[in-house]
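The values are calculated or read from the model by the stated rules, or taken from the named source; none is laboratory data. As the structure is a computational prediction, the values presented were derived from the model and not from experiment. Because the Cβ atoms are built from the backbone with ideal geometry, glycine has one as well, and the counts that use them run over all protein chains shown.
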Amino acid sequence: MTFKTFIGSGTTGVIGILNTVIVPVIFALAFAVFVWGVVNYFFLHGGNEEKRSEGRQFVFWGIIGMVVLFSVWGFVNLLLSTLGIAPGA
């Protein structure tokens with residue numbers, strides 16, 4: 001096995017596992033944190049300011065997590081395309 005086949009591209013190798021399994025799962029977790037914060041803030045604890053504050057924190061960190069993930073994922077794909085091992089569309 002060569003290094004190129006180990007790293008792979010698109011849907012094969014390490015890059016394939018990262019792009020098709022790990023990154024989408026992390027995006028789903030960040031989105032779930034965001035949704036949980038919205039539900040806590042607006043629906044479950046509308047009258048309790050302490051719980052609303054906790055929900056606001058979940059929303060904030062969910063958004064921050066998604067922004068960081070999109071940024072890093074974009075940077076990694078830009079780097080891979082620069083190196084000529086871009087993932088398939």
I'd like the full set of residues that are in a helix (DSSP H, G or I) and over 22 Å from the mean Cα position of the chain (by Cα), limited to region 1-10. Phe3, Lys4, Thr5, Phe6
Which of the residues belonging to region 39-82 are of a type in the set (Phe, Trp, Tyr) and surrounded by 11 or more Cβ atoms within 10 Å (Cβ to Cβ)? Tyr41, Phe42, Phe58, Phe60, Trp61, Phe70, Trp73
Please give the helices (runs of 4 or more DSSP H) falling wholly within region 11-89 in which 2 or more residues are in contact with a helix residue (DSSP H, G or I) (Cβ under 7 Å, 6 or more places away or on another chain) and over 30 Å from Met1 (Cα atoms). 23-38, 49-83
Among the residues of region 15-55, the number that are modelled with pLDDT of 90 or more and basic (Lys, Arg) is 0
